[in-house]
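K.L.:
Got a structure here, written out as structure tokens. Questions coming.
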Amino acid sequence: MAMEMRLPVARKPLSESLGRETKKHLVVPGDTITTDTGFMRGHGTYMGEEKLIASVAGSVERVNKLVCVKALKTRYNGEVGDIVVGRITEVQQKRWKVETNSRLDSVLLLSSMNLPGGELRRRSAEDELAMRGFLQEGDLISAEVQAVFSDGAVSLHTRSLKYGKLGQGVLVQVSPSLVKRQKTHFHDLPCGASVILGNNGFVWIYPTPEHKEEDAGGFIANLEPVSLADREVISRLRNCIVSLATQRMMLYDTSILYCYEASLPHQIKDILKPEIMEEIVMETRQRLLEQEG
């Protein structure tokens, strides 16, 4: 039986700019954020004895007079317009229940999706009977948040052809607080794979399709065999995303691509070793700081 031994190595010193950039105002529940009464109370805070106190563990964010605490590890709180990746858990009357990493199951209504072929018409009883043929339990979908109810439950829609059922790929689950909000969350990376960075912390990695299925209406999943080269790229990207999430770095297209390039000298299976993971993420962080100037 092969055995691998790793000896302790000296930790590389942080550069001054890197250490300075990563300092944040971190708090735990019960910590006093400020005693100044001029601030407005935001999420994750409460007033007590004329002091603003943290109710969750996380980093303090200030926007003008508004002070809030962004939790480091939390369930997904939906916002209208967010891109999410979810899994169908139940088929109900005129709707699907979707697991989106939030406190309550999300809802995808039959009327909130494109019919196969993209035809536009009222949903009939035949469509309702054929719901399990469109999407069934266990299917992964990409969707957009259409509305957020008063109890925090989320209503989804897939009315654009870029949303719909997901085919072959790998799902990675990270904390929603690590996904950076951007204009687009669908990225075709130059390394040969694509990622969907769901605001709910579900990241979908899949081989970049050669041609877009415009007439499929988002229901035909491509089940052709994936080449070995594509599978290796997807596996490397998956390990890079896990490394970034473990080291609490924000996930977006540039950070993932830099981490992928930094990991190329190492074998895919070695990326998750603690010392290599730290080295790769450190190099990624340095490149991002250099880019920001």
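The values are calculated or read from the model by the stated rules, or taken from the named source; none is laboratory data. Here the structure is a predicted model, which means the values were calculated and not measured. Note that we place each Cβ from the backbone using ideal geometry, even for glycine, and neighbour counts take in every protein chain shown. To get the accessible areas, we keep the full protein, side chains included, count just its heavy atoms, and leave off ligands, DNA and RNA. Shrake-Rupley method; radii C 1.70, N 1.55, O 1.52, S 1.80 Å.
K.L.:
From the helices alone, meaning DSSP H stretches of at least four residues, give me the mean residue ellipticity at 222 nm for the chain, per-run term -39500 (n - 2.57), in deg cm²/dmol to the nearest 500.
P.N.:
The helix contribution divided over the chain gives -6500 deg cm²/dmol.
K.L.:
If amide hydrogens are placed 1.01 Å from N in the peptide plane, which non-local residues have theirs closer than 5 Å to the one on Leu66?
P.N.:
Met40
K.L.:
Report the Cα-based extents of region 23-69 along its three principal axes, largest first, to the nearest Å.
P.N.:
24, 22, 17
K.L.:
Roll a 1.4 Å probe over the protein chains and send me the accessible area per residue for the chain in Å².
P.N.:
Roughly 58 Å² per residue, with all protein chains present.
K.L.:
Do any of Lys94/Lys183; Lys165/Lys269; Lys70/Lys165; Lys94/Lys165; Lys94/Lys180; Lys97/Lys165 go past 25 Å between their Cα atoms, and which?
P.N.:
Listed pairs above 25 Å: Lys94/Lys183; Lys165/Lys269; Lys70/Lys165; Lys94/Lys180.
K.L.:
Gain in length, Lys162 to Gln286, computed as 0.36 nm per residue apart minus the alpha-carbon separation, to one decimal in nm?
P.N.:
Fully extending the segment from Lys162 to Gln286 adds 41.3 nm.
K.L.:
So, by mean Cβ neighbours within 10 angstrom, what's the order for 181-190, 257-266 with the highest one leading?
P.N.:
The most tightly packed comes first, giving 257-266, 181-190.
K.L.:
Any idea which of Val174, Leu264, Gln92 is furthest toward the positive side of the dipole for the chain, if Lys and Arg beta-carbons carry +1 and Asp and Glu beta-carbons -1?
P.N.:
Val174
K.L.:
Per residue of region 136-150, in order, report the coupling 6.51 cos²θ - 1.76 cosθ + 1.60 (Karplus, θ = phi - 60°) as ³J(HN,Hα) in whole Hz, putting x for Gly and Pro.
P.N.:
Those phi angles translate into 10, 4, x, 5, 9, 9, 10, 8, 10, 6, 8, 7, 10, 7, 5 Hz.
K.L.:
In whole Hz and in residue order, list the ³J(HN,Hα) couplings for region 178-188 that follow from phi through the Karplus curve 6.51 cos²θ - 1.76 cosθ + 1.60, θ = phi - 60°; x for Gly and Pro.
P.N.:
8, 8, 6, 6, 9, 5, 10, 10, 9, 10, 9
K.L.:
Amide H neighbours of Ala193 under 5 Å, counting only residues 5+ apart in sequence or on other chains, H built in-plane at 1.01 Å?
P.N.:
Correct list: Thr208.
K.L.:
I need the GluC sites (Glu not before Pro) found in region 67-102, filtered to DSSP loop residues with at most 12 other beta carbons within 10 Å of theirs.
P.N.:
Answer in residue order: Glu79.
K.L.:
When the accessible area of region 138-265 is computed with all protein chains present and a 1.4 Å probe, what percentage of it is carbon and sulfur?
P.N.:
Roughly 51 percent, rounded to a whole number.
K.L.:
Roughly speaking, what % of Cα-Cα pairs in region 123-169 are separated by over 18 Å, rounded to a whole number?
P.N.:
Roughly 46 percent, once rounded to a whole number.
K.L.:
Can you give the charge dipole size of the chain about its Cα centre, rounded to the nearest 20 debye, using +1 on the beta carbon of Lys and Arg and -1 on the beta carbon of Asp and Glu?
P.N.:
The calculated dipole for the chain is roughly 660 debye.
K.L.:
Return the Rg/Rh ratio of the chain with Cα-based radii and a Kirkwood Rh.
P.N.:
1.02
K.L.:
Taking Cα centroids, how far is region 223-293 from region 123-167 in Å?
P.N.:
Distance between centres, Cα-based: 31 Å.
K.L.:
Another one. Enumerate the amide H contacts of Ala147 below 5 Å, restricted to partners 5 or more residues apart or on another chain; note that Pro and chain-start residues carry no placed amide H.
P.N.:
Correct list: Ser155.
K.L.:
Return, in residue-number order, each cysteine of the chain whose C-beta is not under 4.7 Å from any other cysteine's C-beta.
P.N.:
Cys68, Cys191, each lacking another Cys Cβ under 4.7 Å.
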